[in-house]
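The values are calculated or read from the model by the stated rules, or taken from the named source; none is laboratory data. Source: prediction; values computed, not measured. So basically every Cβ, Gly included, is an ideal-geometry build from the backbone, and we count neighbours across all protein chains shown. These accessible areas exclude ligands, DNA and RNA; they are computed on the full protein's heavy atoms, side chains included. Shrake-Rupley method; radii C 1.70, N 1.55, O 1.52, S 1.80 Å.
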Amino acid sequence: MTNQTGRLSARHDTGNAKQRLASVFMLLRRYSATLALAAVLAAASAFALAANEANQVPFARLGPPDAPVKLYTVERGEGPPVLLIHGFGTNTFTWRHISPDLARDHKVIAVDLKGFGRSDKPFDERYAASDQAELLTELILDRDLRKLTIVGHSFGGGVALLLALEADTRLKGRIAKLVLLDTIAYPQAIPVFFKLLDRPVLSQVGVRMAPPSVQIQMALRIAYFDNSKIGADEIEAYAEPMKTAAGKHALIHSARQIMPPDVKKIAARYATIALPTLILWCDHDRIVPVEIGLKLAREMPNASFRIVDECGHMPQEEQPEATMLQIRQFLGKPGT
């Protein structure tokens with residue numbers, strides 16, 4: 001009787017073990033199916049993300065078909081568009097403190113000018129402000145930007161002024177406001193750095209022999225009021241494009257044309273720019289004197305002038321909060 005009971009118990013245990021094993025296999029099959037479904041969903045999500053990123057092309061192909069130029073752009077946010085144009089020797093990195101705040105209620109497009117940042121650097125001589133303005137005019141038309149605010153710094157401000165002078169022709173009805181930061185505008189004394197770049201032999205030796213990081217650090221020490229704010233990441237961001245022969249070529253030929261030969265004729269037309277304009281100037285600018293900004297504000301009929309304290313030539317980098325406050329007050333709430 002005991003043996004029979006033992007055999008029955010053994011068969012019962014064996015049956016339970018089989019059931020448990022079958023349950024384990026069933027769970028494994030379900031888990032495998034779940035994993036497979038997750039993998040499919042992940043792949044689909046990755047594909048959709050890649051497709052979405054592919055639609056957000058960072059380069060704009062502009063210029064004549066036989067000699068196109070690709071300009072690198074960084075676009076973020078939704079709302080009325082704002083185009084950010086950097087100054088000489090910099091790139092979209094200069095707007096790192098300004099762009100995120102603006103993008104809360106604006107579509108912000110920061111662009112690397114031809115020859116700078118990640119944009120093309122062809123071995124030609126078309127690096128004047130007028131050449132840059134032509135490419136950006138095409139960009140505005142290509143992106144169909146309307147009710148546009150243009151923000152230009154230094155050399156980029158000179159480009160912005162040329163775009164504003166086109167507001168009644170090809171860009172009619174597209175530009176709404178203008179913000180100029182320590183911008184070139186009139187004939188002025190050229191800093192020694194630019195004079196050296198205008199000398200063929202000296203420019204070749206200086207730009208090609210001196211390490212880009214050293215050149216950028218020297219330039220930033222002139223452009224900043226408080227040199228302690230100059231960061232290693234900033235130096236690297238502006239030095240990187242200068243490490244190639246094309247980058248050095250673009251820098252030299254941009255510097256040689258920093259001041260248009262017909263600047264007096266251009267300046268005579270500033271009084272025709274009726275766009276609401278905010279002119280911001282650093283109180284310690286050693287590159288473009290504050291008198292330039294004051295004169296510009298007097299001649300432009302709808303311009304207001306504001307000083308940014310304790311900065312040199314780059315308010316968007318040295319005093320971003322104060323700069324952003326002024327821009328915000330000028331722009332107002334979108335739709336108002």
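What nm value, rounded to one decimal, do you get for the distance between residue 321 and residue 124 when each label is placed 7 Å out toward the C-beta?
4.5
Straight distance only, please: which lysines reach the Cα of residue 114 with their own Cα at less than 18 Å, same-chain residues fewer than 8 apart left out?
Within the straight-line cut-off, residue 114 pairs with 70, 243, 248.
Past 20 Å, Cα to Cα: identify those pairs from 107/333; 147/295; 172/333; 121/264, in the order given.
Pairs exceeding the cut-off: 147/295; 172/333; 121/264.
How many percent of the accessible area of the range 86-134 is carbon or sulfur, using a 1.4 Å probe?
Ligands and nucleic acids excluded, carbon and sulfur reach 46 percent.
Once phi is turned into θ = phi - 60°, what whole-Hz ³J(HN,Hα) does the Karplus curve with 6.51, -1.76 and 1.60 give for every residue of the range 180-185, x standing for Gly and Pro?
Those phi angles translate into 10, 10, 6, 8, 6, 7 Hz.
Could you grab the Rg to Rh ratio for the range 202-336? Cα atoms only, Kirkwood for Rh. All intermediate terms of the calculation are to be shown ahead of the outcome.
On the way: Rg = 17.6 Å, Rh = 17.2 Å.
For the range 202-336, the value is 1.02.
Between residue 143 and residue 333, what is the label-point separation in nm under the 7 Å Cα-to-beta-carbon projection?
2.6
With the convex hull built on the Cα atoms of the range 74-175, state its orientation-averaged projected area in nm².
For the range 74-175, the mean projected area of the Cα convex hull comes to 6.0 nm².
Starting from the Cα gyration tensor of the range 55-119, take the square roots of the eigenvalues, sort them a ≥ b ≥ c, and report rounded, prolate or oblate (rounded when a/c is under 1.5, otherwise prolate if a/b is larger than b/c, else oblate). Don't jump to the answer; show the numbers that get you there.
Numbers: a/c = 2.68, a/b = 1.50, b/c = 1.79.
Oblate, because a/c is 1.5 or more while a/b does not exceed b/c.
Residue 229: which aspartates and glutamates have alpha carbons under 17 Å from its alpha carbon, excluding same-chain residues fewer than 8 sequence positions away?
283, 285, 309, 310, 317, 318, 321
So if I average 1/r over every pair of distinct C-alpha atoms in the range 109-151 and take the inverse, what Kirkwood radius in Å does that give? Walk me through the numbers before you get to the answer.
On the way: mean 1/r = 0.0877 Å⁻¹.
This gives a value of 11.4 Å.
Shape call for the range 145-188 from the C-alpha gyration tensor, a ≥ b ≥ c root eigenvalues: rounded (a/c under 1.5), prolate (a/b greater than b/c) or oblate?
oblate
Please give the length that would be gained between residue 309 and residue 271 if that part of the chain were fully extended, namely 0.36 nm times their separation in residues minus their C-alpha to C-alpha distance (nm, one decimal).
Roughly 10.9 nm would be gained on extension.
Could you run the Karplus curve 6.51 cos²θ - 1.76 cosθ + 1.60 with θ = phi - 60° over the range 293-304 and give me ³J(HN,Hα) per residue in whole Hz, x for Gly and Pro?
Result, ordered by residue: x, 5, 5, 4, 5, 5, 8, 8, x, 10, 9, 10 Hz.
Based on the inverse mean of 1/r over its pairs of different Cα atoms, what is the Kirkwood hydrodynamic radius of the range 256-296, in Å?
Kirkwood radius, the range 256-296: 12.1 Å.
For the range 250-261, take each phi angle, set θ = phi - 60°, evaluate the Karplus expression 6.51 cos²θ - 1.76 cosθ + 1.60, and give the result in whole Hz per residue in order, putting x for glycine and proline.
Each residue of the range 250-261 in turn: 4, 4, 4, 6, 6, 5, 5, 10, 4, 10, x, x Hz.
Would you pull out the residues with amide H under 5 Å of residue 312's amide H, same chain only if 5 or more places away, H placed 1.01 Å from N?
The answer is 225, 226.
So, taking all protein chains as they sit and a 1.4 Å probe, how much accessible area belongs to residue 314, in Å² rounded to tens?
10
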